[in-house]
Structure formats: C-alpha cells, structure tokens
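Notes follow the structure.
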Amino acid sequence: MVGGGRGAFIGSVHRIAAELDGQAQIVAGAMSSHPEIARESAAAWFLERTYTSYADMASSEAADREGIDFVIIATPNDLHYPVARAFLSAGIHVVCDKPLALTLAEGEELVRLVEAGPTLFALTHNYTGYPAVRQARDMVRAGQLGEIRKVMVEYTQDWLMEPLESRGNKQAAWRTDPARAGLSGCVGDIGTHAQNLLEFVTGGQIEALCADLSCVVAGRRLDDDASILLRLRGGAKGTLICSQVACGEENRLSIRVYGSQAGLEWHQQDPSTLIYKRAGSPWERLRTGQSYLRPSAKAVTRMPAGHPEGYLEAFANIYRGFIEDVRRVGLGQAPVRDYPGVQEGLRGLRFIAQAVASSRAGSVWLNL
C-alpha cells in the first residue's frame with residue numbers, strides 16, 4: 001500500500017477489503033511521506049517491508065522475485081498519477097482510489113500505459129460491488145425496464161457543512177485544496193461515484209451535462225454542492241445531485257431508473273433491497289441472498305438472506321474480481337475485468353472537467 005497510514009480512514013478499508021477473502025495479504029508499504037509515520041504505520045500493520053518513498057518501493061519490489069503482485073494507492077488525489085505511473089512502469093498491477101488522476105492529461109497518460117502493457121488497473125468505484133447494484137444492471141440490460149427514459153442519482157452528505165479545513169481536520173484540508181484535490185471538491189469526491197453508478201447500472205454513457213456548482217461555506221476554494229442536468233446517449237434524460245453540506249445526511253447514495261415498462265430504485269443505506277416497479281403492478285422488493293436473483297448478483301453475495309452485508313463486502317467484491325484477474329494473467333490467461341478500470345477513471349475526469357467548465361460558463365450545456 002502507498003498512503004493509508006496513521007489517521008487515514010480509507011487505508012484500513014482497503015486492507016480489510018483486499019484481505020477479506022484470504023486471497024491476498026498486504027506485506028509492504030510506503031504509508032506516509034513522513035518517515036516516522038510511515039514506519040509506525042507499517043509496524044502497526046505488522047508489514048514485512050516498509051518504505052519511506054513510493055519510488056523506492058516500486059523499484060525494489062519489481063526487482064525482487066518475491067515482490068508484491070499489485071499495489072494499493074490510498075493517497076490524496078495529487079499523488080494518484082505519479083504513484084500509479086511508477087508502479088505501472090515497473091510492471092506491477094495497480095488498485096487505485098478515484099479519481100484516476102488530478103488532470104485529464106494525467107489520466108490519458110495512465111490509460112496509454114495500461115493499454116500498452118500487461119499490467120492490470122482497478123479503480124475503486126466500490127459501489128458497483130453491491131449485489132443489488134449488479135442485479136439492477138442486469139435487469140436493465142435484459143430489457144426488463146423497457147426503453148430507459150429518466151435516471152435520477154443522488155449522493156448527499158453533511159460532513160463539510162462547517163469549515164473543518166480551517167479547524168485542523170486533515171481530511172477536509174486536502175479535499176478542499178485545489179492543489180491536492182483537483183478541479184472540484186464535491187463533484188470530484190462523491191459526484192463521480194454517482195456518475196459512475198449511473199453509467200454502470202444503465203449501461204449508457206452521459207452525452208452532455210449542464211452543471212451548477214456552489215461553494216456554500218464562505219471562503220471555501222472548491223465546490224461543496226452541485227446540481228447537474230444530464231442527457232444520456234439514446235435519448236434518456238437525468239439529474240445528478242451531490243452535496244457535502246446537506247444537513248443531517250450521512251452517505252445518502254441512491255439511484256432511480258425509469259423505463260417505458262418499469263422502474264428501479266436502490267439506496268445505499270438499505271443496500272440489500274432493490275425496488276422493482278412494473279407498470280400497473282404492485283412494487284416488488286427484491287432482496288439479496290434470494291434464489292430469484294440473477295447469477296451476477298448471487299456471485300457477489302456473501303451472506304445468507306437477511307444477514308446485513310454492505311460497504312466493506314462491496315469493496316471486497318471489487319478486490320476479488322481484480323485478484324482473480326491477477327491470477328489469470330499470471331497463468332497466461334485473458335483477464336475478465338468485471339470491475340472499474342482506467343477507462344471508467346478517464347470518464348470520471350472528463351465528467352469533473354466538464355461540470356466545472358459548464359458551471360463557470362453560467363451553467364451552459366457541454367458535451368461529455
């Protein structure tokens with residue numbers, strides 16, 4: 001792992017997810033740019049090898065026959081590109097937090113590196129790992145909703161409704177800093193999760209958008225709230241709402257898809273339920289763990305029906321698919337790639353750039 005050291009929430013999430021199925025173990029890390037924190041973090045995790053430089057880690061692990069199979073990048077956004085580039089260039093597979101990079105140019109370079117070589121790349125849009133989300137995707141693709149007409153996706157939180165960046169909150173400080181977070185705050189952080197979920201479930205790409213981004217908290221340099229109108233290829237229309245100043249909300253990620261024959265509704269805070277709304281019929285509550293679900297949903301269900309499973313298990317499903325591909329490639333087989341990768345990452349960077357550009361131009365329509 002690179003990053004994810006002491007005080008970082010996401011590092012422990014990655015570790016649990018990567019190790020949940022007993023198919024991988026984190027053995028090496030450059031967990032902080034501060035040598036003391038890097039050593040302390042590695043010691044707390046009982047890692048075999050610790051580094052204070054990700055460049056040293058990449059070269060050393062690549063030269064070691066018993067070196068790592070893949071690296072996890074759990075750093076602030078500004079380091080995603082240089083760290084990924086170092087490990088890809090060393091021939092080491094990569095799992096990276098989103099966004100893919102800080103800029104479109106960096107993202108395009110990573111796409112070229114991945115597509116030119118044998119290395120695998122996974123981007124942790126972990127919400128695509130939920131069984132109910134896989135079920136929704138398959139129902140849409142099977143035509144059970146008919147022609148898709150309307151999609152509404154929302155991701156709202158309240159953790160930045162106060163100026164935490166000026167009160168010593170490390171997470172808030174870098175996420176509201178353009179030099180470390182990139183062009184956007186809220187849209188880059190959670191809006192891209194909503195965008196990726198919409199495209200994953202519907203199988204249709206966003207064709208154009210009209211965005212209104214706001215900095216609600218005075219003095220904040222990046223957006224903390226956004227309302228975006230969408231046009232999808234094929235003619236469907238949509239809305240995407242994301243906010244980190246929505247008082248009382250925790251991680252309210254939800255999607256509603258409406259077709260000519262039926263609709264679907266899913267909420268991450270009730271992740272085991274998918275609501276199916278056929279025209280002229282009572283709503284159906286499809287539940288994970290049940291025999292009537294499609295094979296792709298069953299394949300990522302870990303618990304018997306009625307037993308709670310959620311965020312960590314969905315995250316682990318991304319890792320399980322990626323690790324299976326690492327094994328396939330090691331055996332000379334073709335990867336399956338049923339997880340988000342560099343192309344989804346590039347889509348996210350374009351979405352961020354166009355949302356920011358649209359808002360700055362007075363909320364005009366721009367093609368994606």
Report summary line: Listed by chain and number, the residues whose amide H is under 5 Å from that of Ala122, excluding neighbours fewer than 5 places away on the same chain and using placed H, are Val94, Val95, Cys96
Query raised in the report: Per the helix-only calculation at 222 nm, which mean residue ellipticity applies to the chain, given -39500 (n - 2.57) for every DSSP H run of n ≥ 4 and division by its residues, nearest 500 deg cm²/dmol?
Result: -10500 deg cm²/dmol
Report task. List the residues whose amide H sits under 5 Å from the amide H of Arg149, counting only those 5 or more places along or on another chain, with H placed 1.01 Å from N in the peptide plane. Result -> Tyr258, Gly259, Ser260
Report summary line: Here the stretch 206-218 yields Karplus 3J(HN,Hα) values (6.51, -1.76, 1.60; θ = phi - 60°; whole Hz; Gly and Pro given as x) of 5, 9, 7, 9, 9, 10, 10, 9, 9, 10, 6, 6, 4
Report summary line: Lys and Arg at +1, Asp and Glu at -1: neighbours of Ser32 with Cβ under 10 Å from its Cβ sum to 0
Query raised in the report: Over the stretch 2-119, what is the relative contact order in whole percent, taking alpha-carbon pairs under 8 Å and six or more residues apart?
Result: 21 percent
Requested in this report: Compute the whole-percent fraction of alpha carbon pairs in the chain spaced more than 35 Å apart.
Outcome: 23 percent
Report summary line: The answer for the net charge of residues other than Asp177 whose Cβ lies under 14 angstrom from its Cβ, with Lys and Arg +1 and Asp and Glu -1, is 0
Query - Karplus (6.51, -1.76, 1.60) ³J(HN,Hα), θ = phi - 60°, over the stretch 68-83, in Hz, Gly and Pro reported as x - result: 5, 7, 8, 10, 10, 9, 10, 9, x, 4, 5, 9, 4, 5, x, 5
Report summary line: For the stretch 2-119, the charge dipole (Cβ of Lys, Arg +1; Cβ of Asp, Glu -1; about the Cα centre) points to a positive end, and the Cα of Gly5, Ala105, Met57 closest to that extreme belongs to Gly5
Query raised in the report: Can you pull out the chymotrypsin sites (Phe, Trp or Tyr not before Pro) in the stretch 287-360 that DSSP calls coil and that have at most 12 other Cβ atoms within 10 Å?
Result: Tyr292
Query raised in the report: What GluC sites (Glu not before Pro) does the stretch 56-136 have in DSSP loop regions with at most 10 other beta carbons within 10 Å?
Result: Glu66
Query raised in the report: Ranked highest first by average number of other Cβ atoms within 10 Å, how do 194-203, 220-229 line up?
Result: 194-203, 220-229
Report summary line: Quick calc, the chain, dipole around Cα centre from Cβ unit charges on Lys, Arg (+) and Asp, Glu (-), nearest 20 debye, gives 1040 debye
Query raised in the report: What shape does the stretch 72-149 take by its C-alpha gyration tensor, where a ≥ b ≥ c are the square roots of the eigenvalues and a/c under 1.5 counts as rounded, a/b above b/c as prolate, and the rest as oblate?
Result: prolate
Report task. Count neighbours as other Cβ atoms within 10 Å of each site's Cβ, and list the chymotrypsin sites (Phe, Trp or Tyr not before Pro) in the stretch 1-67 that are DSSP loop with at most 14 such neighbours. Result -> Phe46
Query raised in the report: Assuming R0 = 45 Å, what is the FRET efficiency of His34 and Ser227, from their Cβ-Cβ distance, to the nearest 0.05?
Result: 0.70
**Report entry** Alpha-carbon centroid distance for the pair the stretch 212-277 / the stretch 92-152, whole angstrom
**Finding:** 18 Å
Query raised in the report: How far apart, in nm, are the 7 Å Cα→Cβ label points at Arg167 and Glu109?
Result: 3.8 nm
Query raised in the report: Which shape class, rounded, prolate or oblate, goes with the stretch 1-44 when its Cα gyration tensor gives a ≥ b ≥ c as root eigenvalues, a/c under 1.5 marks rounded, and past that a/b bigger than b/c marks prolate?
Result: prolate
Requested in this report: Provide the gained length on full extension for the span Tyr311 to Arg360, in nm with one decimal, where the gain is 0.36 nm per separating residue minus the Cα-Cα distance.
Outcome: 14.2 nm
Query raised in the report: Under the Karplus relation 6.51 cos²θ - 1.76 cosθ + 1.60, θ = phi - 60°, what is the ordered set of whole-Hz ³J(HN,Hα) values for the stretch 162-174, x standing for Gly and Pro?
Result: 10, x, 4, 4, 9, 10, x, 7, 4, 5, 5, 4, 7
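Readers should treat all values here as calculations from the given coordinates under stated rules, not as data from a laboratory. Computed from a predicted model, the values in this text were never measured in an experiment. Using ideal geometry, Cβ is built from the backbone for each residue, glycine included, and neighbour counts are taken over all protein chains shown.
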